[in-house]
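Worksheet: one structure, shown below.
The values are calculated or read from the model by the stated rules, or taken from the named source; none is laboratory data. Worth saying up front: this structure is predicted, and the values here are computed from it rather than measured. Here the Cβ positions follow ideal geometry from the backbone for every residue, glycine too, while neighbour counts run over all protein chains shown.
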Protein chains: 2
Amino acid sequence: ERMEALVRRKQQEITKGLETLEPEDVSCVIENGKTFEKGGVNVSVVYGSLPPKAVDRMRADHKNLQTQEDGNVPFYACGLSMVIHPHNPHAPTTHLNYRYFETWNPDGTPQTWWFGGGADLTPSYLYEEDAKLFHKCHKDALDKHDTALYPKYKKWCDEYFYINHRNETRGIGGIFFDDFDDRDPEEILKIVEDCFDAFLPSYVPTIAKRKDQPFTQEEKYWQQLRRGRYVEFNLVLDRGTQFGLQTPGSRVESILMSLPATAGWKYDHHPEKGSREEQLLEVLQNPREWTD
Amino acid sequence: ERMEALVRRKQQEITKGLETLEPEDVSCVIENGKTFEKGGVNVSVVYGSLPPKAVDRMRADHKNLQTQEDGNVPFYACGLSMVIHPHNPHAPTTHLNYRYFETWNPDGTPQTWWFGGGADLTPSYLYEEDAKLFHKCHKDALDKHDTALYPKYKKWCDEYFYINHRNETRGIGGIFFDDFDDRDPEEILKIVEDCFDAFLPSYVPTIAKRKDQPFTQEEKYWQQLRRGRYVEFNLVLDRGTQFGLQTPGSRVESILMSLPATAGWKYDHHPEKGSREEQLLEVLQNPREWTD
């Protein structure tokens, strides 16, 4: 439909045109679609002040953080974060976030900066080919710059998205990095851009394949339980969520955009031996290598 | 900031990439910005069924609407709607909406179709140059196709956005049309596209000029009262809002996205004689021509 294509194009042009006036936070929310139950793609740009508690936590990785007299540190952050929860239990949830962070000295000179982010996949049912595609695309993007990066970031992702109290990872991983500042910022920006560009080819073919796959009520229920784990990770463990909720004036709705439309919990649930559900848990308890 | 530009570009690319899978409704929300207090740019694509009540109302303009046995009419609609409420009381609110509508016969053959929409400006303080720019851009877009269109749509806009119980228009107008089906659909689509393209040049320069203009608490309060009128129009009179809220399964949040972040009412308020506030009311009570 030509009008449909036109309105989508104009949505982008107008949003862009309005942003030229002044950087604004724009959250794009996908809802009630046939493929995606809930999703969002948010851009956030913040000039703020880190409270002393946050400074203490960050000093572990950034020793040169210097506070102002009141114990605060002025900062600038910008980033894009995205979470997509599809309807079909065979179609994996995905999450992506890339961000840049900068602080200043009390006298206004630049102090420290770093990049962070990553992308990961959270299936309810394991399809090895989907996991392999996701990892391969991201590995290729990083290998172009430095073949040491993927192994490091793959491992970091498995460790970061580990749900301690469940002894399992949130999903089958992807890449994750933080405090990335050990080379030319121009080069890091290029790496981040290539990681961004790896995302659509790593995910869209999988969704195209799974979105209309038949499923049973039992499979949908299992997806609900998996989403319960997703919520547990995000609310209990995710540093980004915790940082966001602690930052004065932050947009709670945007931060919690990552939560699924629905989730479920069942007391002491264990999938049947040899079932596809158990097969997923096995991989979450023992993260695998997905590339050659 | 280069990373900022990158994340904005990637937001657009990713949203677009995800839409290729299947048309999804995407709402882009602007919030907590320095210039815009609240705003949204929504694309909506609906396949649905018009209930008998809605059919009766539409039959006034579309005599060939034929119902199915259950009294419903299957329809397809797509459109973009946008509302922007700036912070500064000297910067006008704006609204834009263009949509396409189509129905089918019980046997699945196409029945009727039409385009509708428009764009209008709602200042709290009158700046003639802003009103003239807004109207000129839209007039130029329409004149390219047919010089009979602007006068007709300008009048239609003043009539449509008239708050009966207040004896005033919502703002200083713009263009509005509905049931547009009296020429080649290709040509109408082109007219709609040109109207879309008229928007940014009709509005962005005004906001650039007004967004940092100094203002008093009294002026902010007057803006609140004007926003109260905006809410009255949208909830009591707007056909689009009413249609949306009556459509089963519609997204209430998207429909009510047009409402301002805050609004105010004061019992029997009348601005002082000769004040700038009275000057605005004068224009709202007696719509003017803004083009030569």
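For (1) touching a helix residue (DSSP H, G or I) at 6+ places or on another chain (Cβ under 7 Å); (2) under 30 Å from residue A:37 (Cβ atoms); (3) in a strand (DSSP E or B), each residue gets a yes or a no:
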| site | (1), (2), (3) |
| --- | --- |
| A:74 | no, no, yes |
| A:78 | yes, yes, yes |
| A:83 | yes, yes, yes |
| A:125 | yes, yes, no |
| A:137 | yes, yes, no |
| A:156 | no, yes, no |
Only one of (1) part of a strand (DSSP E or B); (2) closer than 30 Å to residue A:68 by Cα does not apply to residue A:189, and that is (1)
Residue list for region A:243-263, filter: crowded, with 16+ Cβ neighbours inside 10 Å and either modelled with pLDDT of 95 or more or closer than 20 Å to residue A:219 by Cβ (or both):
A:260, A:263
Scope region A:66-98; condition over 21 Å from residue A:260 (Cα atoms), of a type outside the set (Gly, Ala, Ser) and surrounded by fewer than 20 Cβ atoms within 10 Å (Cβ to Cβ); matching residues
A:66, A:67, A:68, A:69, A:70, A:72, A:74, A:76
Which listed residue, of B:206, B:169, B:147, B:216, is closer than 20 Å to residue B:288 by Cα, out of contact with any Ser or Thr (no Cβ under 8 Å at 6 or more places or on another chain) and free of Cβ contacts under 8 Å to residues at least 24 places away in the same chain:
B:147
Residue match in region A:48-65 (condition: assigned to a loop (DSSP other than H, G, I, E, B) and either among the polar types (S, T, N, Q) or touching a Lys or Arg at 6+ places or on another chain (Cβ under 6 Å) (or both))
yes
Within region A:85-113, can you find the residues that are under 25 Å from residue A:62 (Cβ atoms), of a type outside the set (S, T, N, Q) and in a loop (DSSP other than H, G, I, E, B)?
A:106, A:107, A:108
Can residue B:271 be described as closer than 30 Å to residue B:101 by Cα and part of a loop (DSSP other than H, G, I, E, B)?
no
Being under 20 Å from residue B:77 (Cβ atoms) and not hydrophobic (A, V, I, L, M, F, W, C) narrows it down to one residue among B:206, B:247, B:216; which is it?
B:247
With the requirement that a residue be modelled with pLDDT of 95 or more and acidic (Asp, Glu), what does region A:129-186 give you?
A:129, A:130, A:140, A:143, A:146, A:158, A:159, A:168
For region B:93-113, enumerate the residues that are within 11 Å of chain A (Cβ to nearest Cβ) and of a type in the set (A, V, I, L, M, F, W, C).
B:96, B:101, B:113
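Condition check ((1) farther than 30 Å from residue A:127 by Cβ; (2) among the hydroxyl-bearing types (Ser, Thr, Tyr)) across all residues:
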residue: A:3; (1), (2): yes, no
residue: A:15; (1), (2): yes, yes
residue: A:64; (1), (2): yes, no
residue: A:69; (1), (2): yes, no
residue: A:73; (1), (2): yes, no
residue: A:77; (1), (2): yes, no
residue: A:81; (1), (2): no, yes
residue: A:88; (1), (2): no, no
Those residues of region A:33-44 which are buried (at least 17 other Cβ atoms within 10 Å of the Cβ) and either in contact with a helix residue (DSSP H, G or I) (Cβ under 6 Å, 6 or more places away or on another chain) or not in a strand (DSSP E or B) (or both), in sequence order:
A:33, A:35, A:40, A:41, A:42, A:43
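Take the residues in region A:233-255 that are in a helix (DSSP H, G or I) and within 14 Å of chain B (Cβ to nearest Cβ), then tell me which one is farthest from residue A:87 (Cα to Cα). Give the derivation first.
Taking region A:233-255 and keeping what is in a helix (DSSP H, G or I), we get A:233-237, A:239-246, A:252-255.
Keeping just the survivors that are within 14 Å of chain B (Cβ to nearest Cβ) gives A:244, A:252-255.
Working: A:244: 27, A:252: 24, A:253: 21, A:254: 21, A:255: 21 Å.
Ranking the qualifying residues of region A:233-255, first place goes to A:244.
Regarding residue B:39, is this residue free of Cβ contacts under 8 Å to residues at least 60 places away in the same chain, facing chain A (nearest Cβ under 7 Å) and of a type in the set (Gly, Ala, Ser)?
Working: free of Cβ contacts under 8 Å to residues at least 60 places away in the same chain: yes; facing chain A (nearest Cβ under 7 Å): no; of a type in the set (Gly, Ala, Ser): yes.
When the stated conditions are applied, residue B:39 does not pass them.
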